1. Please report the orientation-averaged projected area of the stretch 162-227, defined via the convex hull of its C-alpha atoms, in nm².
2. How are the alpha carbon pair distances in the chain distributed across 5 Å bins from zero to the largest one, expressed in percent?
3. Among 59, 188, 116, which one shows the biggest mean-square fluctuation in a GNM of the chain, springs joining Cα atoms closer than 10 Å?
4. So with the 1.4 Å probe, I'd like the accessible area per residue for the stretch 29-119, rounded to whole Å².
5. Mind putting a number on the dipole of the chain about its Cα centre? Charges go on the C-beta only, +1 for Lys and Arg and -1 for Asp and Glu, and I need it in Debye to the nearest 20.
6. Å³ per residue of the Cα convex hull, for the stretch 70-156?
7. Using bins 10 angstrom wide from zero, how does P(r) for the stretch 5-48 break down, in % of all Cα pairs?
8. On full extension of the chain, what length is gained from residue 169 through residue 186, given 0.36 nm per residue of separation minus the C-alpha to C-alpha distance?
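The values are calculated or read from the model by the stated rules, or taken from the named source; none is laboratory data. Predicted model, so just to flag it, every value in this text is computed and none were measured. No Cβ is skipped: glycine too gets one built from the backbone with ideal geometry, and neighbour counts run over all protein chains shown. The area values use the complete protein model at the heavy-atom level, side chains included, leaving out ligands, DNA and RNA. Shrake-Rupley method; radii C 1.70, N 1.55, O 1.52, S 1.80 Å.
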Amino acid sequence: MSRHIGIVGCSAEGAALCYRTICIEGAQRLGPHAHPEVSMHTHSLADYVRCIERDDWPGVAALMLDSARKLAAAGADFLVCPDNTIHQAFEHLRAESPRPWLHISEVVADEAQARGHRRLAILGTRWLVDSDVYPAVLDARGLQWLRPADAERDEIHRIIMEELVRGIVRPEALAAHQRVVQRMKAQGCDAVVLGCTEIPLVLDDATSPLPTLDSTRLLARAALRAA
């Protein structure tokens, strides 16, 4: 028997991609049509955004904990959150969580080390890129990292929040991401963290100037292994 995975969702596209990856790739490990038991709970994205915009990370944690408790009651053995930005609330929820979590930046850092990368470009929302969600974990592993320039952060943030979270994928969005990654490659980065769970909708290994670390799918695969 596999363990029951609980997904604490935030934005629909990221949560859906995580769920879909678990179900589809589960068959590669468990046999045709098979995957672990999965439950998902999501509060409205608007509730999260209101907290984030006023820098209310305890409020974000309260939403995540409410989802966690509902998933624990549904039988989940452990939890994942396919949203990079709200991992900033982890310090406010770990002690009260009813179940253990897989942390998205730790999963990505594990993969970066396994592949032998040394200097990572970090892409994501402005909230994520300005945070220590990735730098703290990468520093602890001895990995170097680079953030986009301010104007680049603002453009990627706009694309994520106005387009990708709504499932809108435009050629201009891909071109914008490619320009940023190309510049960071010229500054010595050898891989790029897709540190927003919607970025894989527009950028992947086939279109990126650098190898990608797809946080959404890496988290889903880690959940499969744990299950």
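1. Working: hull surface 20.2 nm².
For the stretch 162-227, the mean projected area of the Cα convex hull comes to 5.0 nm².
2. Per 5 Å bin, starting at zero, the Cα-Cα P(r) for the chain comes out as 1, 7, 15, 19, 21, 17, 12, 6, 2, 0 percent.
3. 116
4. Details: 4410 Å² over 91 residues.
It amounts to 48 Å² per residue over the stretch 29-119.
5. Working: 25 positive and 30 negative charges, 106 e Å.
That gives a dipole near 500 debye.
6. Values: hull volume 9.4 nm³, N = 87.
Dividing the Cα hull volume of the stretch 70-156 by its residue count gives 108 Å³.
7. Here the calculated profile for the stretch 5-48 is 28, 46, 20, 5.
8. Details: separation 17, 0.36 × 17 = 6.12 nm, distance 2.62 nm.
Working it through step by step, the gained length comes to 3.5 nm.
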